[in-house]
Amino acid sequence: MGIAHDLGLVRMRRRLPSPARAFRARSFPLRAPNVPGGVAPAAVPGRTGADFDTAWARRWPARMGRAAVVEGPMRAMVQVLASPRRRGTDRLADLDGALIFAANHHSHLDTPLLLTSIPEPWRHKVVVGAAADYFFGTRLAGATAALVMGAVPIERARVGRRSADLAAELIDDGWSLLIYPEGGRSPDGWGQPFRGGAAYLAVRCDVPVVPVHVGGTGSILRKGRTMPRPAAATVTFGPPLRPEAGERAPRFAARIEAAVTALADEAATDWYSARKRAHANASGTLTGPDAGIWRRQWALDGRRRTPATRSRRWPNL
Amino acid sequence: MAAERRNAPRPGLVLDVDRSTPPILFHHGEGFRLERLPPGRSRIIYPAEPLAGLPDPEAAIRHALLNPLDSDPLPSRLRPGMKLTIAFDDISLPLPPMRRPDIRQRIIEQVLDMAAAAGVDDVHLIAALALHRRMTDDELRHALGERVFDAFAPQGALYNHDAEDPDGMVELGRTNHDELVTMNRRAAESDLLVYVNINLVSMDGGWKSTATGLADYWALRHHHNVGTMQRSRSFMDRHRSELHHSNWRQGEVIKANGPPIFQIETTVNNNTFGLDGPLAVLQKREWEWSARDRASFMAMHAGLRAMPASACRGVFNRWLAPYEMTSVQAGAVEPVHESTTANVLAQHLVPVQGQTDVLTMGLPYICPYNVNSVMNPILVMCLGLGYFFNLYRGRPLVREGGVVIMSHPTRREFHPVHHPSYIDFFEQVLAETTDPAEVEAKYEAQFATDEWYVHLYRTSYAYHGVHPFYMWYWGAHALQWLGRVIIVGGDERAVRRMGFQPASTLSDALEMASDVVGPAPTITHLHNPPILMADVE
C-alpha cells in the first residue's frame, strides 16, 4: 500500500462520480435502443465509399480553395518531382463545354500532374473519378480527396448505377471529368485493358473524350512505392474523339484505348512515325507483351525515352 | 449585342466627317494619335467587322482535301515510296502572327496524317520565304506546332528555303516574256508539291506562292522591279497587277516543267485585335467606344508613352491575333486562287465614291518584314506607300498629284541582324538618290550579289541584300502618282532622307498639303488596320 492509501485518497476517489462510468451506464433513450431478437436491423445509409457526398466540394468556397491548392503547392510539387512536358493542348482549341479526359494510370502523381496540365477553361471545373473503395474508405480521406482533387467516388469493385448517374449528372451540369479507364494504377509499368466507363458516359452525355497519355510518372512514384523520386514526365493530349452514330460503348472504349496507345507511341518516338504506325495498326499495345514478368520489364525498358534511374557519376568522391 | 455582331457583322463604312464626329484613331507605330479631321470635306473609311470563322475548321480542311477543285483528292495522290514536299508561307503571314493553333499547323497535320496513312516516308517541309530572313526554330514551332516540328526538324526534314544554295536551286525554263523560272531543287524534284498558304490580303497566293516563295533572285527580278510596280494598278488587284501577270506566266512554266502542285489556300477574317480583351478598342468605331474602352485606351496610351520604344515593341510583338479561318480551298492553283480571292475581298472590300486630294493613314507597328523585329524607315515607306496606298481596286484613293500623309515615328532604327543591307541602303543609296529607277539601275546588282549579304542571308537571320530595294520599289507606283508625301511625328532626318516632308502635327501636314493640292482639299482617312481594301468607283 502506498501513501495515497495511507491518506485515504483511494477510498475518496472511489466515492467520487466517474463521468466515464456514468456515460457507459446511460440507458435508453440516452443510448441507442437494442434491436429485439429476431428483427432485421434497418439499413443505415452509408457515408463512405460510393455513398460519400461530394456536392459541398463543388461549391464556390471549396472550388476557390482547390484552385489555390492546384495553382500553388500542387503545381510546385509537380514541377519539382516531374518537370513535366505538356503537349497537344492545341488539339483542344476548337472545343468548349464539358469534356471527358481519359488517361492511362501509373501513379498517384498522375492526378496532380493532370490537374495542373489540363488547360483552361476546363482546369478548374473538372472532377476526378476516384476509386470509391480506396479514396473514400473513410470520411476524412474522402473529404480530403474531394476538396484537394475534386474527386467523386467511382465504384470499381461492383456494378452500380450510382457512380454513373452522378458522373453523368455532373457532365450535364458542365463539369468535365478526368477518369482512368484502366480502373487503377499500373502494377508493373504496362497499362491495363480499358474499361467502358468513359465511353459509356460519352455516349450517354454526348460529349467528346480527350485521350491523354501520361508517361514517366511510374518512375517517380509507381504503385507500391511510398517515397517519390524525381524524374521527367510527359503529358500528351490527343485529338478529341466522339462516338459515331450508333456506336456502342465497348467499341468506343476500344477506340479510346487505341488513341491512348497511339499517343504513347507518339510520346516515345515522334508524331509522324507514330501516325504511320497507327494507320498501319502497328502502334503496339498499351498493355505490353503477353509474356513472363522479366520479358515484360525488358520490353518496357525499351520503350522508355529516359532511363528509369538517374545516372550516377563514378567514382562518387 | 456582341453576339449579334458576330452573326451579322456590319460591312465597311465611309463616314463623312462633321462637327459631331469624335477624334479619330491614328495608329502611330507602337503608339496612337487621336486626330480631328476638318468637317465638311473629310471622310473616313472603316473596315468591315470580322466575318464569322468556320465553325469547324478541322472538318472544313478535311473536306477541302477530300474534295479539291480540279484535282483528285489528296489521299489518291499519295503513295508509298513517293517524294512529298510541303511548302508553306513564312513568318510574314499572317500579321500579326496568329494565336495557336496556326492555320499552317492545322492543315499540315491533316496533310501529313493522310501521307502517314499512305505510308509516305520521304517528306520534307520547306518554309517558302524567297529572299526573306530565315525563320527561327521558335517561329517554326509556332507556325507548325510542336508535333510537326519535333517529328521533322531534328532529322533535317523541316528547313528554310535557301535561294542562294548553289546546289539547291534548279532552272525550270523561261516564259514567253523571257522571264527565268527557278525553284527549290527538293520541291522541283518532288512527286508532289503541296503548298500551304494563308491569304491575308488579295496579293497573296496563287502562282505567287510557288513562283516567288521557292525562287531565287534571278527569277524574282523579273517582277520585283520598278517597271512592274509602276504598271500595276494595283498589285493588290490580281487582274490589273503586272506583278501577278509575271508570276502567272512563270506558273505556266512550272506547270509544264515543274512538279505536280496541290495548292491549299486559306483566308482569315480581320479580327486583328480581338472582339474583347485589351486591344479590342482598336477595331471599334470611335463613337462606339464604351467607358471601359476609353479607359483602357487612355491607360494603354499613357503606358506606351511612358515606356521606351524597345519596351513598346516588346509589348506589341507579344500580341498574337485571334484570327479565324473563313475559308479553305484546295486543288489546282488557278481555281483555288479564284475562290480564295473572292473570299478575301468579301472581308476587305469597302465601296468608295471617287478619289480624294489628301489621303491620311496611321501606320501601325508591324508590316510583313518586321515580325519580331524593328520597323525601320524603309519599311515605313513600304507599308504606307507600298501596301496601304495599293489597297485599292479600280483607281487609287488619292488623285494623281495628290498628297499622302502618314503618321509614324519613323525612328532611325534598324535591326542589325535582320536588316543589315537596309542600313547600307539607307545610309549610302538614299543619301544619293530616292528615285526608284535610278536606285535600281545603279545599285541593285551590287547589293544583290554582295557576298557578305548572301552569307548573312544563308547563315544568319538576315533579309537578302536586295530586299531593301524591293521595299523601295513597292512604293514606286505611289511615288510616281503622288505630288507629296508627308510623315507626321516622324524623325525629321529620317523622313527627309527618304525624300518626304516631316510635320509635327496633322494640322501642319494639312497646311503643307494645301501647297500642293490647293486650299480646302478633300481628305480621306484610311482607318486601317484591321485591313480594308477600297473599291474606288
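The values are calculated or read from the model by the stated rules, or taken from the named source; none is laboratory data. Given the structure is predicted, the values throughout are model-derived calculations rather than measurements. Virtual Cβ from ideal backbone geometry, glycine too; neighbours counted across all protein chains shown.
I'd like the residue in the range B:143-191 that is within 24 Å of the chain's Cα centre (by Cα) and assigned to a loop (DSSP other than H, G, I, E, B) and, out of all such residues, is nearest to the other protein chains (Cβ to nearest Cβ).
Among those residues, the one meeting the criterion is B:161.
Out of the residues in the range B:127-139 meeting the condition of being of a type in the set (A, V, I, L, M, F, W, C) and in a loop (DSSP other than H, G, I, E, B), tell me which one is farthest from the other protein chains (Cβ to nearest Cβ). Explain how you work it out, then say what you get.
Looking only at the range B:127-139, we keep the residues that are of a type in the set (A, V, I, L, M, F, W, C), and these are B:127-131, B:135.
Then keep just the ones that are in a loop (DSSP other than H, G, I, E, B); that gives B:129-131, B:135.
On the way: B:129: 23, B:130: 26, B:131: 30, B:135: 18 Å.
For the range B:127-139, the residue satisfying everything is B:131.
For the structure I just gave you, tell me whether residue B:244 is at pLDDT 95 or above and assigned to a helix (DSSP H, G or I). Spell out how you get there, then give the answer.
Working: at pLDDT 95 or above: yes; assigned to a helix (DSSP H, G or I): yes.
The answer is yes for residue B:244.
Test residue B:295 against the criterion of being more than 22 Å from residue B:189 (Cα to Cα) and either assigned to a helix (DSSP H, G or I) or touching a Lys or Arg at 6+ places or on another chain (Cβ under 6 Å) (or both), and give yes or no.
Values: more than 22 Å from residue B:189 (Cα to Cα): yes; either assigned to a helix (DSSP H, G or I) or touching a Lys or Arg at 6+ places or on another chain (Cβ under 6 Å) (or both): yes.
In short, yes.
Between A:161, A:139, A:123, A:63, which is without any contact (Cβ under 8 Å) to a residue 40 or more places away in the chain, of a type in the set (D, E, K, R) and out of contact with any Gly (no Cβ under 6 Å at 6 or more places or on another chain)?
A:161
Answer with yes or no whether residue B:457 is out of contact with any Lys or Arg (no Cβ under 9 Å at 6 or more places or on another chain), of a type in the set (Phe, Trp, Tyr) and assigned to a helix (DSSP H, G or I).
So residue B:457 fails the test.
Under 22 Å from the mean Cα position of the chain (by Cα), on the phi < 0 side of the Ramachandran plot, in a loop (DSSP other than H, G, I, E, B) and not acidic (Asp, Glu): does that describe residue B:477?
no
Taking the condition crowded, with 19+ Cβ neighbours inside 10 Å, within 14 Å of another protein chain (Cβ to nearest Cβ) and under 18 Å from residue A:209 (Cβ atoms), does residue A:88 pass?
Criteria met by residue A:88.
Run residue B:507 past the list (1) assigned to a helix (DSSP H, G or I); (2) crowded, with 18+ Cβ neighbours inside 10 Å and report the number of the one that doesn't hold.
(2)
Output the number of residues of the range B:390-448 satisfying the condition of being under 22 Å from the mean Cα position of the chain (by Cα), assigned to a helix (DSSP H, G or I) and β-branched (Val, Ile, Thr).
1
Looking at the range B:24-73, which of the residues that are more than 26 Å from the chain's Cα centre (by Cα) and hydroxyl-bearing (Ser, Thr, Tyr) is surrounded by the fewest Cβ atoms within 10 Å (Cβ to Cβ)?
B:71
I need a count of the residues in the range A:112-142 that are more than 21 Å from residue A:173 (Cβ to Cβ) and touching a helix residue (DSSP H, G or I) at 6+ places or on another chain (Cβ under 9 Å).
Residues of the range A:112-142 that are more than 21 Å from residue A:173 (Cβ to Cβ), as a first pass: A:112-113, A:116-117, A:131, A:133-135, A:137-141.
Among the residues that remain, those that are also touching a helix residue (DSSP H, G or I) at 6+ places or on another chain (Cβ under 9 Å) are: A:112-113, A:116-117, A:133-135, A:137, A:141.
Final tally of qualifying residues: 9.
Somewhere in the range A:67-85, is a residue within 14 Å of chain B (Cβ to nearest Cβ) and among the basic types (Lys, Arg)?
Yes, there is a match, as at least one residue in the range A:67-85 is within 14 Å of chain B (Cβ to nearest Cβ) and among the basic types (Lys, Arg).
Yes or no: the range A:273-282 includes at least one residue that is closer than 30 Å to residue A:169 by Cβ, over 18 Å from the mean Cα position of the chain (by Cα) and within 13 Å of chain B (Cβ to nearest Cβ).
No, the range A:273-282 has no match at all.
Residue B:323 versus (1) free of Cβ contacts under 8 Å to residues at least 40 places away in the same chain; (2) surrounded by 14 or more Cβ atoms within 10 Å (Cβ to Cβ); (3) not aliphatic (A, V, I, L, M): which is the lone unmet condition?
Condition not satisfied by residue B:323: (1).
Residue by residue through the range B:391-413, note down the ones that are touching a Phe, Trp or Tyr at 6+ places or on another chain (Cβ under 6 Å) and crowded, with 24+ Cβ neighbours inside 10 Å.
Matches in the range B:391-413: B:407 only.
Condition test on residue B:385, is it part of a helix (DSSP H, G or I), in contact (Cβ under 8 Å) with a residue 40 or more places away in the chain and over 23 Å from residue B:462 (Cα atoms)?
yes
If I ask for residues that are closer than 28 Å to residue B:121 by Cβ and not in a strand (DSSP E or B), which ones from the range B:192-211 would you list?
Of everything in the range B:192-211, those that are closer than 28 Å to residue B:121 by Cβ and not in a strand (DSSP E or B) turn out to be B:209, B:210.
Please state which of the following conditions residue B:124 fails to meet, knowing it meets all the rest: (1) crowded, with 24+ Cβ neighbours inside 10 Å; (2) assigned to a strand (DSSP E or B).
So residue B:124 meets the others, but not (1).
Only one of (1) free of Cβ contacts under 8 Å to residues at least 24 places away in the same chain; (2) in a strand (DSSP E or B); (3) under 20 Å from residue B:332 (Cβ atoms) fails for residue B:239. Which number is that?
(2)
Would you tally the residues in the range B:72-111 being more than 11 Å from chain A (Cβ to nearest Cβ) and outside any helix (DSSP H, G or I)?
Of the residues in that region, 22 qualify.
With respect to the numbered conditions (1) among the small types (Gly, Ala, Ser); (2) under 19 Å from residue B:198 (Cα atoms); (3) touching a residue at least 24 places away in the same chain (Cβ under 8 Å), which one is the sole condition not fulfilled by residue B:407?
The number of the failed condition is (2).
Can you pull out every residue in the range B:474-508 that is under 17 Å from residue B:410 (Cα atoms) and polar (S, T, N, Q)?
Result: B:501, B:504, B:505.
Return the total of residues in the range A:48-68 being surrounded by fewer than 16 Cβ atoms within 10 Å (Cβ to Cβ), of a type in the set (A, V, I, L, M) and either closer than 30 Å to residue A:157 by Cα or under 19 Å from the mean Cα position of the chain (by Cα) (or both).
Residues that pass the stated criteria total 2.
Looking at the range A:283-304, which of the residues that are surrounded by 18 or more Cβ atoms within 10 Å (Cβ to Cβ) and under 24 Å from the mean Cα position of the chain (by Cα) is farthest from the other protein chains (Cβ to nearest Cβ)?
A:288
Residues of the range A:263-307 being over 24 Å from residue A:88 (Cβ atoms) and at pLDDT below 80, which ones?
Looking only at the range A:263-307, we keep the residues that are over 24 Å from residue A:88 (Cβ atoms), and these are A:289-299, A:301, A:307.
Listed by number, the residues that qualify are A:291, A:292, A:293, A:294, A:295, A:296, A:297, A:298, A:299, A:301, A:307.
Quick one: how many residues across the range B:275-292 are surrounded by fewer than 13 Cβ atoms within 10 Å (Cβ to Cβ) and either at pLDDT 95 or above or part of a helix (DSSP H, G or I) (or both)? Don't jump to the end; show me each part of the working.
If we filter the range B:275-292 for residues that are surrounded by fewer than 13 Cβ atoms within 10 Å (Cβ to Cβ), which is where we start, we get B:276-277, B:287-288, B:290-292.
Next, only the ones that are either at pLDDT 95 or above or part of a helix (DSSP H, G or I) (or both) stay: B:287-288, B:291-292.
Total meeting the criteria: 4.
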